[in-house]
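The values are calculated or read from the model by the stated rules, or taken from the named source; none is laboratory data. Since the model is a prediction, treat every value here as computed from it, not as a measurement. All Cβ positions, even for glycine, are placed from backbone atoms using ideal geometry, and neighbour counts span all protein chains on display.
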Amino acid sequence: MRQHSALRTCTGLASTAGAQPRPTSLMHVSSGNRNRGDAELAAYLEAAWQVLRSEAAIAPACPHCGADDAHACAPSGDELPQFRCRHCRRRFTRLSATPLARLRHVDRFAQIFPLLARSMSLAEAARQLEVKAETVAHWSTQIRQWLLMLDPSGQWERRVQLGVHYAVVPAGTPRRLEPRPAGCRCMLAGAGGEARPLPQDGELGLEGPLLLRVCPQCDSAR
Ligand SMILES: [Zn+2]
Ligand SMILES: [Zn+2]
């Protein structure tokens, strides 16, 4: 199955027979946080979203070449301000360098923010937001990537529950992690829903079963 091999790539688990993580969507993992909502996460995202959606014509640094020498171009219609870099001559908006550059239904996007910390199904979120479940899944991945960009410590990204996948590592088999792909932020999921980094020495230990919280990079590679 395709998902299995991708998860194995992501976690770098040695392919001991029977020790392969099984992808799943475990909504009970975070029972402590169930439907608590997370106003802080929503407010954090809303503030960052307002910055990206700003109509201010002050040019940010060019996301293509990094030069701080761009000028504003006249936006057409109600589009976001566009900028053109004098150095590499490419055009960009404030969204260009983010994982949100190609958003579907931009007008409805921010409505997902209050739902992100909830352990609800994609189908339920899709019903509430009146978009397809596939769009919700997409938004969740994009937001998690964006959160890791805004806060590389991963503290905010860890609060997201909606659309997050977990991989089960069965108990009782010696498990050793191989080096993971660059940028992989897969973590161990704790019983209370908190995620913690994978052990530095790569030893997962024998107790288990263990849950891996699949990072957005590995999730979108599936
Ligand atoms: Zn440039
Ligand atoms: Zn990963």
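Give R158, R118 a once-over and let me know the one that is crowded, with 20+ Cβ neighbours inside 10 Å, charged (D, E, K, R) and in contact with a Gly (Cβ under 8 Å, 6 or more places away or on another chain).
Working: R158 fails: in contact with a Gly (Cβ under 8 Å, 6 or more places away or on another chain).
Residue meeting the stated conditions: R118.
List the pairs whose first member sits in the range 32-52 and is among the basic types (K, R), whose second member is exposed (fewer than 11 other Cβ atoms within 10 Å of the Cβ) and modelled with pLDDT under 95, and whose Cβ atoms are under 9 Å apart, counting only residues at least 6 apart or on separate chains?
R34/H28
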